[in-house]
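Each value in this text was obtained by applying a stated rule to the coordinates, not by laboratory testing. Being a predicted model, the structure only gives us computed values, none of them experimental. Cβ sites come from the backbone with ideal geometry, for glycine too, and all protein chains shown count toward neighbours.
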Amino acid sequence: MRETVQYFKALADPARLQILEFLLEQEDRCCSGPDQTVCACHIEERITLAQPTISHHMKVLVDSGLVKSEKRGRWVYYSIDYEAFHELAAFVSRYRGTAPVTAREGEQ
């Protein structure tokens, strides 16, 4: 249960969601590393926040287990931890019930 709480805390910030979207987009592009990782320098170029703020958000994402990191030389490379997202999806799916999932009234 503790891991699940950490996942939700990490996902509760719009900047971290933006970073996750960027990581997901970059996995199939040329700026990612040979092992589907994205260099911190590319995150800093894309996300319009100060470097220390981005570092803080990356630490939260890594500490939560949603993102993996690896230091190579002077740069850190990040990748999404899909196993963590599968665990989170399994947890959330228990609350789905039997009714089909539809947009709430007023959402499209």
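Structure notes:
- The calculated FRET efficiency for Glu83 paired with Leu11, based on their beta-carbon distance and R0 = 22 Å, is about 0.90.
- Translational diffusion of the range 2-89, µm² s⁻¹ [Kirkwood Rh, Cα pairs; Stokes-Einstein; 20 °C; 1.002 mPa s]: 165 µm²/s
- Whole-Hz couplings from phi, Karplus 6.51/-1.76/1.60, listed for the range 66-83; x for Gly and Pro: 7, 10, 9, 9, 8, 8, 10, x, 8, 10, 10, 10, 10, 8, 6, 8, 5, 4
- If R0 is 25 Å, the Cβ-Cβ spacing of Arg96 and Gln51 corresponds to a FRET efficiency of close to 0.05.
- Available extension along the chain between Leu24 and Trp75 is 16.5 nm, counting 0.36 nm per residue and deducting the alpha carbon span.
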